[in-house]
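Right, one structure below, let's go through it.
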Amino acid sequence: MRATLDTPYADARADGLSFALGLPPLDALAVLPVERAGLTVELRLLGASHQVIAGPLSETVACLPDAAEPLPGHAATSVPGWAYEFTATTAAHRDGTAFARAVEAVCARLADRGDALTGAFPGSPHAVTALALEETREPGFGWRTWHAYPQTREIVMTRSRLVRPS
């Protein structure tokens with residue numbers, strides 16, 4: 001699902017992102033509920049990036065006030081009945097053309113998927129936040145996100161997994 005958003009994004013730089021688990025649902029600009037592994041998973045676009053709510057887990061990657069940790073490269077924890085793992089990387093593109101191609105490739109890859117949500121913010125066709133579910137080898141599921149920053153030509157990519165421990 002592609003959402004054209006009429007609210008400017010609140011996070012303007014990759015290094016402004018923070019990470020929080022367990023937050024309640026925040027005000028969302030668009031929400032896509034999808035069923036996976038017996039859970040309702042909500043992919044949520046925020047003006048300040050994203051939130052995923054999956055059963056007992058709430059993951060927020062956004063420009064948040066003082067209540068959150070800086071975005072880690074890796075995090076892992078357990079929640080009742082599940083093991084959770086998170087990774088984040090940032091790709092810096094050398095010029096606007098390479099950045100635009102990378103954002104357009106993500107948008108094209110997710111365009112017709114019923115388990116993906118892409119939001120385009122005003123001001124630049126490449127000011128995009130995208131979320132998509134993905135399958136895992138283990139019993140469970142995962143999701144990926146992309147946060148594109150045209151002003152710095154950076155894309156923050158996250159990958160999360162929620163699996164049943166063996």
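Listed values, structure above:
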item: So ALA67, is it modelled with pLDDT under 90, over 19 Å from ARG144 (Cβ atoms) and not polar (S, T, N, Q); result: yes
item: Residue count, region 86-96 (criterion: out of contact with any Gly (no Cβ under 8 Å at 6 or more places or on another chain), of a type in the set (Gly, Ala, Ser) and surrounded by 15 or more Cβ atoms within 10 Å (Cβ to Cβ)); result: 1
item: Residues (part of a strand (DSSP E or B), touching a residue at least 12 places away in the same chain (Cβ under 8 Å) and aliphatic (A, V, I, L, M)) located in region 49-83; result: VAL52, ILE53, ALA54, LEU57, VAL61, ALA62, ALA75, VAL79, ALA83
item: Residues located in region 108-155, provided they are among the basic types (Lys, Arg) and under 24 Å from ASP95 (Cβ atoms); result: ARG109, ARG153
item: Hits in region 98-136 - residues which are at pLDDT below 95 and farther than 22 Å from PRO33 by Cα; result: PRO122, GLY123, SER124, PRO125, HIS126, ALA127
item: Given (1) without any contact (Cβ under 8 Å) to a residue 12 or more places away in the chain; (2) under 15 Å from GLU42 (Cα atoms); (3) of a type outside the set (Ser, Thr, Tyr), index of the condition GLU135 fails; result: (2)
item: Residues of region 53-85 satisfying the condition of being crowded, with 20+ Cβ neighbours inside 10 Å, within 14 Å of ALA20 (Cβ to Cβ) and among the hydrophobic types (A, V, I, L, M, F, W, C); result: ILE53, VAL61, ALA62, LEU64, LEU71
item: Residue in region 130-137 that is in a strand (DSSP E or B), out of contact with any Leu (no Cβ under 6 Å at 6 or more places or on another chain) and not small (Gly, Ala, Ser) present; result: yes
item: Residue list for region 37-48, filter: under 27 Å from PRO122 (Cα atoms) and outside any loop (DSSP other than H, G, I, E, B); result: VAL41, GLU42, LEU43, ARG44, LEU45, LEU46
item: So ALA30, is it among the aliphatic types (A, V, I, L, M), at pLDDT 90 or above and out of contact with any Cys (no Cβ under 9 Å at 6 or more places or on another chain); result: yes
item: Pairs where the first residue, in region 146-166, is within 16 Å of VAL52 (Cα to Cα) and the second is surrounded by fewer than 22 Cβ atoms within 10 Å (Cβ to Cβ) and basic (Lys, Arg), C-beta under 9 Å, 6+ apart; result: MET157/ARG144; THR158/ARG144; ARG159/ARG144; SER160/ARG144; LEU162/ARG36; VAL163/ARG137
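The values are calculated or read from the model by the stated rules, or taken from the named source; none is laboratory data. Here the structure is a predicted model, which means the values were calculated and not measured. As a convention, Cβ positions derive from the backbone with ideal geometry for all residues, glycine included, and neighbour counts pool all protein chains shown.
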